[in-house]
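Some notes on the structure that comes next.
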Amino acid sequence: MTALVHELDDPRRAAIVRQARSHFINEGYAGTRMEPIAREAGVSTATLYAFFDSKAVLFEAVINDASEDFARHMGAVTVASGTPRERLNAFVGAYAEFMSDSFVRSVFRLVLAERPRFEAIAMHFFERGRNDFGAVLMSMLSEMTAEGQMKVSKPSWAAGQLMGMVEHPVFFVPLVTGGDVVSERTPRAIAEEAVETFLARYAA
């Protein structure tokens, strides 16, 4: 276990993953080569292969690392007090800004493109995203329902509805169009409108 922790904390590994992420996003899996990644990370090819014995293993590490980054980002959003409107606006607004980030879309686009080759990795990536983000919102809705502030009988359904109202304009449309179609509303404005629609349906 000590050796594993030491390896994961090794700055050379982090540099390799960072450079590999850029290559996979810009060139795709098939177009990415290991030698340029090693060179840009400042390590030898032998060192790269000591950490990752194949390109497939490196790709999995890149996707797992991105998942960790995403979880840390949304995990920092804590909304423990306030009215339902205030709490939902804070969380959903942060979620909208996160999902509208071009880098986040690039990672999702990469995972979607390589899903036929790495189905298990892709499914784990999507499942983790749903759990990391959706679980927080479901817990919030359950808590507010227990306090008599909301009327939500199925938190998972309600959370999916609210997140879906945000995801479509800030994430899926730019993902499909390559960013050519951009909403005139800011992510925060989209989130606030979604929350108002949601409260009209579920507020106590």
Förster-model FRET efficiency, 41 Å R0, residue 26 and residue 188, C-beta, rounded to 0.05: 0.90
Long-range HN-HN contacts of residue 150 with modeled amide H, under 5 Å: 145, 204
Candidates 67, 139, 100: whichever shows maximal mean-square fluctuation once the chain is modelled as a Gaussian network with Cα springs under 10 Å: 139
Inter-label distance, nm, simple model (7 Å from Cα along the C-beta direction), residue 57/residue 173: 4.4 nm
Residue among 166, 176, 107 with the largest mean-square fluctuation in a Gaussian network model of the chain, springs linking Cα atoms under 10 Å: 176
Selected from 29, 95, 49 as most flexible by GNM, with the chain as the system and alpha-carbon contacts under 10 Å: 49
For the chain, the longest site-free run once GluC sites (Glu not before Pro) in DSSP loop states with at most 12 other Cβ atoms within 10 Å are removed: 1-146
Dimensionless Rg ratio for the chain, taking C-alpha atoms and the 2.2 N^0.38 Å reference: 1.18
Relative exposure of 154, 55, judged by other C-beta atoms within 10 Å (fewest first): 154, 55
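Laboratory data are not the source of any read-out in this text; all were calculated from the coordinates shown. Small disclaimer: the values here were computed from a predicted structure and weren't measured. All Cβ positions, even for glycine, are placed from backbone atoms using ideal geometry, and neighbour counts span all protein chains on display.
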